[in-house]
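The values are calculated or read from the model by the stated rules, or taken from the named source; none is laboratory data. The shown structure was predicted, so the numbers you read here are calculated from the model rather than taken from an experiment. Note that we place each Cβ from the backbone using ideal geometry, even for glycine, and neighbour counts take in every protein chain shown. These accessible areas exclude ligands, DNA and RNA; they are computed on the full protein's heavy atoms, side chains included. Shrake-Rupley method; radii C 1.70, N 1.55, O 1.52, S 1.80 Å.
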Amino acid sequence: MYGSSQIRALLIFLGPALLAISVFFFLPVLAALVMSFTDFDIYSLGDIRYARFVGFRNYAQLFADPLFWKALGNTLYFLVVGGPLSVAVSLGAALLLHSRLVRFKPMFRFIYFMPVVTTLVAIAVVWRYVYHPRFGLLNAAMGALGFSPIDWLGDPDWAMPALIIMAVWKNFGYNMIIFIAGLQNIPASLYEAASIDGAGPVQQFIKITLPMLAPTTLFISIITMIGYFQFFAEPYVMTLGGPMNSTLSIVLLMYQQGFRWWNMGYSAALAFVLFAMILVVSVIQTRLQKQKGGMQ
């Protein structure tokens, strides 16, 4: 049990932080939850009395909206393809930079991490040139190999893969740094013992590296999944959701409904549906990883 002096000390030290979190996080979230059950629009911004309670109507309209299912499919496409690809590229780069064969490691870490801290608008300018159907570097390279040019951002079939490649290139450096930290924590004695027992590099990777990296991989998988569920900046600066809504994501649809059409109640309902999906997938992912760890 805490004494009165300890409770007072807790309130003094934690009070300001709890107050700030309550005002700037919990209160807006609660307001958004209430808003999702209203028809809050641009008129309600001027006078809150115009907002009317509509119950679950926003959620019902949401699940009956074909555009929502299109955006959900695009988001899952981006998540299922881009997420594992990003983790795999990050792990490959980390293994490469952790190897004793590579020289100038700090320089390569700096180069690989640069896209993470570069503004997406600047990256979009560069990648628009790379993807340009007539003058782009990618089509020029494909032409040299005998392939026909592709309208990367104008073709509904290729727009999403183009955004996935760009997103993986931009984000893999962050996960790579975390993987390198995880690799550095694996005792070298494990590899030495495995070598003495005759294990090759592939067996050492499967039997030692991957199990020892499991907590790191779980953390990276969850933050990557959460980040990729919130797929917004790439289609916003590159395609605006086109062509033919092939890159429209849940968050971009939320933005359009909230700040283009001012259906803020509907947009808030979208936000909480997305929150529920992220929560469910995170819990499933964590439990599966724990079960796998228990079996090992």
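Below is a table of values for the structure above.
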| read-out | value |
| --- | --- |
| Filter result (in a helix (DSSP H, G or I) and over 10 Å from the mean Cα position of the chain (by Cα)) within the range 221-249 | ALA233, GLU234, PRO235, TYR236, VAL237, MET238 |
| Failed condition for ASN74, given (1) polar (S, T, N, Q); (2) farther than 17 Å from ALA181 by Cβ; (3) surrounded by fewer than 16 Cβ atoms within 10 Å (Cβ to Cβ) | (3) |
| Members of the range 99-113 that are of a type outside the set (Lys, Arg) and open to solvent by 90 Å² or more (accessible area, probe 1.4 Å) | LEU101, PHE104, PRO106, MET107, PHE110 |
| Complete set of residues in the range 186-205 that are in a loop (DSSP other than H, G, I, E, B), free of Cβ contacts under 8 Å to residues at least 12 places away in the same chain and open to solvent by less than 70 Å² (accessible area, probe 1.4 Å) | PRO187, GLY198, ALA199, GLY200 |
| Hits in the range 37-67 (condition: under 21 Å from ARG260 (Cβ atoms), of a type in the set (D, E, K, R) and modelled with pLDDT under 90) | ASP41 |
| Search result, residues across the range 1-52 that are charged (D, E, K, R) and surrounded by 10 or more Cβ atoms within 10 Å (Cβ to Cβ) | ARG8, ASP39, ASP41, ARG52 |
| Subset of the range 77-98 [among the hydrophobic types (A, V, I, L, M, F, W, C), more than 15 Å from the chain's Cα centre (by Cα) and open to solvent by 70 Å² or more (accessible area, probe 1.4 Å)] | LEU96 |
| Hits in the range 206-220 (condition: assigned to a helix (DSSP H, G or I) and in contact (Cβ under 8 Å) with a residue 12 or more places away in the chain) | LYS207, ILE208, THR209, PRO211, MET212, ALA214, PRO215, THR216, THR217, LEU218, PHE219, ILE220 |
| The range 87-107, residues that are at pLDDT 90 or above and farther than 16 Å from VAL168 by Cα | LEU95, LEU96, LEU97, MET107 |
